[in-house]
Number of protein chains: 4
Amino acid sequence: MSRPTMPVADLAHLGHVEVLTDRYDESLDFFTRVYGLKLSGEEGGSAYLRAWDDYEFHSMKLTAADTTGVGHIAYRVSSPEALERRVAAIEASGYVTHGWTDGDLGHGRAFRFEDPFGHVFEIYWDTVRYEAPPDDASALKNLSSRYHAQGVSPRRIDHVNVLGGDVTAFRDWVDACLGSRVTEYIQLDNGRIGGCWFSCNNKTYDLVCSEERGGGAGRLHHVTYATDTREDILRAADIYLENGVHIETGPHKHAIQGSFFLYAWEPAGNRIELANAGARLILAPDWEPVVWTEADRKKGQAWGLKTIETFHTHGTPPVKKD
Amino acid sequence: MSRPTMPVADLAHLGHVEVLTDRYDESLDFFTRVYGLKLSGEEGGSAYLRAWDDYEFHSMKLTAADTTGVGHIAYRVSSPEALERRVAAIEASGYVTHGWTDGDLGHGRAFRFEDPFGHVFEIYWDTVRYEAPPDDASALKNLSSRYHAQGVSPRRIDHVNVLGGDVTAFRDWVDACLGSRVTEYIQLDNGRIGGCWFSCNNKTYDLVCSEERGGGAGRLHHVTYATDTREDILRAADIYLENGVHIETGPHKHAIQGSFFLYAWEPAGNRIELANAGARLILAPDWEPVVWTEADRKKGQAWGLKTIETFHTHGTPPVKKD
Amino acid sequence: MSRPTMPVADLAHLGHVEVLTDRYDESLDFFTRVYGLKLSGEEGGSAYLRAWDDYEFHSMKLTAADTTGVGHIAYRVSSPEALERRVAAIEASGYVTHGWTDGDLGHGRAFRFEDPFGHVFEIYWDTVRYEAPPDDASALKNLSSRYHAQGVSPRRIDHVNVLGGDVTAFRDWVDACLGSRVTEYIQLDNGRIGGCWFSCNNKTYDLVCSEERGGGAGRLHHVTYATDTREDILRAADIYLENGVHIETGPHKHAIQGSFFLYAWEPAGNRIELANAGARLILAPDWEPVVWTEADRKKGQAWGLKTIETFHTHGTPPVKKD
Amino acid sequence: MSRPTMPVADLAHLGHVEVLTDRYDESLDFFTRVYGLKLSGEEGGSAYLRAWDDYEFHSMKLTAADTTGVGHIAYRVSSPEALERRVAAIEASGYVTHGWTDGDLGHGRAFRFEDPFGHVFEIYWDTVRYEAPPDDASALKNLSSRYHAQGVSPRRIDHVNVLGGDVTAFRDWVDACLGSRVTEYIQLDNGRIGGCWFSCNNKTYDLVCSEERGGGAGRLHHVTYATDTREDILRAADIYLENGVHIETGPHKHAIQGSFFLYAWEPAGNRIELANAGARLILAPDWEPVVWTEADRKKGQAWGLKTIETFHTHGTPPVKKD
C-alpha cells in the first residue's frame, strides 16, 4: 500500500457533510445550542450550519428525513481546472456517477458520484463565502466570524467517517476518484483492511472508512469538528453531561492518528465527535502510511482505554432487526 | 496584493533553520535541556537538533560562530520534479544564487540562493529520515520518536521570521523564488508593508518578513517551534523562569495569525518563540490575505498586550553601535 | 509581622461582596451573560448573583447606585459561637461598628462594622443555601447547581481587594476584627506595607488591601471569582474580546500568590478579576508570611509582565478631579 | 451520618505516607524520574520524597520491604495544644495505640495508633521544613522549591485511600481519633457504606476508606498527588505511556468529588493517582455529606466511564491465593 509522492492535490479540503435526522428540531437544538454551530440559513427542510471559523456558508447541512445517517459528503477542489481534472478522472473510473447538480444555498454547481457502498460524494469549486453581518463579525479580522462561546463551539469541520463492507475497495475508489493520500490504516490478520484514514491536504486525515460489521450499507460512523484545545473537549464532556447528551466514549486519546477525542450521539442517534490533533500535521510529501496490526489494536487507545462495543456496531441509520 | 488560486506547491514545508551562536555550549544546553529538542548528531562545529515529532534528521542546525543570527533556511520540496521546477524558476529570476551543495548530515544535495537582504535559503528533496533507535522509539508507531518530556519539548518546527529592509521586495522575491502564498500582512500608513506572513502549505504561515528598523542586514527576528497545547506554553514560561531564561514577552495571543505565543532569548541572544495555532489552518485554496492597518495594530495583541519595544529593535546579530 | 500558629478560625469564608453600579442594566448583562454568574433573585434595586458552584443564595449583590465601588463585604463564620466571639472581639476593639442588620434575601442577621478606611464588612452565620430547581440542578449531586457554560462561568467567588491609605493599619484591623492570617505582603523601602494578603482558611487569600495612591477613600480595587483551569481564563479573554469588554491586563501569572489572572472592567468601571491558583493552598498551620521587597516587585509579574499604570491608579469609585 | 458544624480542626493536613516496595530501585526511579518527586534524603532503607511545593522535608517515605502497601500515614496537627488534645482523645477512645516515636528525618516526635484494620497512623507537630539549597530554590519566593519539570512533577501530596472491611467502623474511628469531616460517601443497598471520603481542612478530601473486597487486611488502595492543571494529567498519561508504566484507568473525571484523575501502578504494584480538583473546596462550615447510592454509581464516572474491575480488587499488598 505504498504511495507515490504527493500528487497535485485536486481536492482542497472537506467542505461539508449532510446529516440526516428524523428528529430535526431536537437535532438542530443540539447542534446549535449544545454543540455550538451557527445557523447560516434554513431552506427546504434543511438547516445550513457552520463552525465559527469555517469560511464557507456551511459545513453541515442538517436535513429532516425519515431516517438518519449521511446525505452526502462534499469536497471543495483547489481550482476550476482541478474540478475538470477530477470530474474527468471520476467519469473515466467506471464508478457510479450522478452528474452535475446546481448546488444549494452554500455553493455553486457540484459533481456527484458514489463510493462502492452508496455514500454520495460531491466536488465543487464555486462556493458561498460566509460574510458575517456586523453582529456576527469577530473583533479579529482573520476569523470568519465571532467566537460566540455557545456550547462547545468547535472551530471548524474536521473529518467524516463512513462504514463500508470492503475497505480495500473503498481505498481503490479514493485512489481513482478523490486522489487523497492514505496516512494510516489497520491491517487485520485475515488480510482485510479494518479501517483506512485519508487526507487530501496537510491535515492528518479528513476521511475515514471503517469496516461495516453490522450488515448495513452506506452508513455513517461519525462526523467530527475540531476544537483548538483538549480543554475544550473536557469542557464539552461537562456540557454534554449537564444537557443529557449520550456520551459514548472518551475523552481519551486515539492511538491511531493520536487525536484527543470525545464521541456522543446527537438526539437522532448520529455519532458526533470532537477532536483535537494538537500540532500534528502530515507535512512530509512522501509520508509512508502507518500500519496498525490487530496486535497493536489490542492495546486499546493510546492510554489503554478499551474500544467499547457500540463503537463497532453503532452506525446510522440503524440496521433493522427482523 | 491579491493572489491567484493556490499554485502547485513546489515547496512542501520548512525543513530546518541554521542558527548561529557565539555561546555554543550554553545554547546547546538551552536547546536540549530547557527547550527540549533532541540531539541527532554533532559534526564540524554544528549540532543537529530536532523536535520529538520532526520526521527528518534535524530541524535546527546549531552552529558555533563568532556571531549570532541565521546561517541558512531550508525548505523541503514536494518531489524531485518540484525541485527542478523551483531551481529553474530561481535561476530565471535574476536573484543571487549560490548553486548546489552536497548537503550535510541531515539531507542530500540542496540548491542555495539569497533573498534581497542576504539571508541564505536552500531547497532540497533528498532527506535523511530520522530512524529512532529502540530507546528513542515511541510507544505509538505514528510518532517520529519518543515524547521525552524534557524541558518544554515542542512537537515540531513551525516557522522562521527574518528582518528585511523592504518587505515588499521580500514578498516579490518569495513570489519568484519560493512560490508561497501570502496569508496576512501589515499595511503601514506610509504605503510600506510592515510585515508579511507566507505559507507554502496549509499551515497559517511558515515564513515571516518584518521590516528591519535597527539598521542591520540579513538578520534573524526569531525561530519558532509548535507545541500541542497552550498549556505547554504556560508551562514553558515557568520552565524559563526557573532556568533564568530571559522571557521577552508573552504568553499572550497574537492578533495577526491568532497563535498563542511566548518569546525568549536563548543564551546567545537569538529570539526563540513557542507557538500554538489551535486548530487554525488555511484550507481555502483562494484565501485572500488579511490586511492589518496601523490603526489595527494600535490595539496591541489580541487581548490588548502592547508590543514591547525590543520586539521592534532586537534582532540577531546585534547591530554594532559605533 | 510574624504570626502565631493558626488561631481557631472564627471566619469560615468570604460570603459575598456588594458591588455598586451606576449602569445597572449593563453591569447585570455583563455579570450574567458574559461573566457567567447566575441570577438568584432581584429585589430593591439589587440583583443577587452566584457562581454555579457557590453553595449560598448569592456571592455578589449588584446594587444600582449613583456611584461605583463596594457596598459591603461579608464573611460567613464557622458556627453560632464563632459569631458571638467575633462580635465581642469587634466591639472590644474600638473600631467603628454599625451593629446588627436583619440580613437580606441571601442570609440572616449580620453584624456590620467598618475598616479604618470606611469599607463596610459584615459577618453572619444564618444563611440561605441555594436550592436548585430541577432545571438548574446539576447531573452531579455534589455540585450546587448546573454547570451552565454561559460566558466565562467561573466556579465560585474567590477574593476581594480593597484600597486603603495605610495598609499596616488595615492589617491591625484585620488582626483585631477578622482574625485572618497574613499569607504574603509587600514591604516597601520606605517602611510602609504596599499590599497585604489575608486568608481565614486554607485558600491562599480571600482578602487583599493595597495602598491607595489615588487620593480616594473606601475604594474597591477588584472582586475575583475562581475558575477551575487556566484555560478557562484564556477562553475568557476571547469572550471579553468578542464582547467589547475592556481587558486591563493579563492573562498572566502573578508573582505574589502565583495565581493565573485576567483583569477587566465591567461596564460601570469596577475591576473584575478571574483567577486560578492551581493546586496551591496554605496548609501549614504555622505558615510564615512571604515578604516581597520593591526589588522583587521590579521584576514584574511571574513571567516578567510589567504591572500597568492603571493598576496603581484605577479604583472605584473614581476620584473626582476638580 | 449528619455532622455537627466544623469542630476545631486539630489536624492541619495530611503530612506524609510511607509506601512499602519490594522493588525499591525501580520504585525510586519511578517516583523521581517519571512521577517527578524530589529526593530529600535516604536513610535506613527509606527514601524521603517530596513534591516541589510540599513545604515539609518529605511527603512520601518510600521504604524497601519484602512486601508492598502502606507503612504508615501521618497527619500534621494545628498546634502543640492540638497534639495534646488529639492524643488524649485517641487514648480515651479505646482503639489500639502504639505510643510515641521519636520521629525520623522528616519530623519530630509522633504519636502512633491504628485504625480498626491495622493501618498505622501517626500525628505530629514538630516538623522539618524543607530548606531549599540555592540550586533547588525557586525563582518565586512563595514556592517551597524550584519547579523542576521532571516527569509529571505534581505540586503537592493530596490524599491516601485505604481499604477496610467495614467502612462504618472506619468512620467511627475517624470520628473518635482524627476528628475529620465526612464530605461524601457511598450508601450501598445492603445498608453498608461502600466508601467514605474525609477531610480535616478545606480540601474536598485527604483520606478515603473503600470497602475491602479482596479478603486482605490493612491494605492500601492508592496514594495521590495533586497537579495544578488537568493538562498536567493528560501529559502524565503520555509520560506513563512512553515509560512503560501500567495505566489502570483514566484520565477521566470522578463523579464522586469531581476530580480529574489518572491511576497507574508503580513498579512494585502500588496504585498511584494523579488528581486535579479545579477550584473546588469545601468552604461551608456546615457541609452536609453527599450521599451516592448504588443507582448513582451505576452511571459510572462523571462522563460515563465504567469503573474497571481491578479497581475493586487490586490493593497492596496483593492477597495470597493458596
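For chain B, the relative contact order is 19 percent, taking Cα pairs closer than 8 Å that sit 6 or more residues apart in sequence and dividing their mean separation by the residue count. Counting only other chain Cβ atoms within 10 Å of each residue's Cβ, the peptide D:274-280 averages 6.
For chain B, a Gaussian network of Cα nodes joined below 10 Å ranks B:A275, B:A237, B:A65 by mean-square fluctuation, and the top entry is B:A65. The mean sequence separation of alpha-carbon pairs under 8 Å and at least six residues apart, normalised by the residue count of segment C:1-98, gives a relative contact order of 37 percent.
Across the alpha-carbon set of segment B:165-322, the Rg to Rh ratio works out to 0.95, Rh being the Kirkwood radius. Where both bridge residues fall in segment B:11-313, DSSP classifies roughly 70% of the beta bridges as antiparallel. Between C:E84 and D:D172, the FRET efficiency from the beta-carbon distance, with R0 = 35 Å, is close to 0.65. Between D:G164, D:G69, D:G45, the GNM of chain D built on Cα springs shorter than 10 angstrom shows D:G45 fluctuating the most. Taken one residue at a time, the phi angles of segment B:59-71 give Karplus couplings (6.51, -1.76, 1.60, θ = phi - 60°) of 10, 9, 10, 9, 10, 5, 8, 9, 8, 10, x, 9, x Hz. Gly and Pro are set to x. The mean of 1/r over all pairs of different alpha-carbon atoms in segment B:11-313, once inverted, gives a Kirkwood hydrodynamic radius of 19.6 Å. For the pair segment B:27-90 / segment A:160-233, the C-alpha centres are spaced 34 Å from each other. Here the Karplus curve 6.51 cos²θ - 1.76 cosθ + 1.60, taken at θ = phi - 60°, turns the phi angles of segment C:171-176 into couplings of 4, 5, 5, 4, 4, 7 Hz, with x standing for Gly and Pro. Label point of A:D25 (7 Å along Cα→beta-carbon): distances to the other copies' equivalent points are 3.2, 7.1, 7.6 nm, sorted ascending. Both radii were evaluated on the Cα set of segment D:1-84; the Rg over Rh quotient, with Rh as the Kirkwood radius, amounts to 1.09.
The mean number of Cβ atoms from other chains found within 10 Å of a Cβ in peptide C:118-129 is 1, as a whole number. Axis-proximal residue of chain B for the rotation onto chain D, reported as residue and distance in whole Å: B:E231, 2, based on Cβ position. Sorted shortest first, the distances from the D:T307 label point to those of the same residue in the other copies are 2.8, 4.9, 5.6 nm; each point sits 7 Å from Cα along Cα-to-Cβ.
Estimated from the Cβ-Cβ distance and a Förster radius of 30 angstrom, the FRET efficiency linking C:D189 and C:T310 is about 0.85. The other copies place their D:E131 label points at 5.6, 5.7, 7.3 nm from this one, listed shortest first, where each point is 7 Å from Cα along Cα→Cβ. Structure remark: mean-square fluctuation, Gaussian network model of chain A, C-alpha springs under 10 Å; the largest value among A:V162, A:V290, A:V70 belongs to A:V290.
Averaged over the residues of peptide C:150-160, the number of Cβ atoms from other protein chains lying within 10 Å of each residue's Cβ is 2.
Within straight-line reach of C:K298, meaning a Cα separation under 27 Å, sit the following lysines at least 8 residues removed in sequence or on another chain: B:K253, B:K298, B:K299, B:K306, C:K203, C:K253, C:K306, D:K141.
Each reported figure results from applying straightforward, stated rules to the coordinates on display, with no laboratory input. Quick caveat: nothing in here was measured; it's all calculated off a predicted structure. Positions of Cβ are generated from backbone atoms using ideal geometry, with glycine treated the same way; all protein chains shown enter the neighbour counts.
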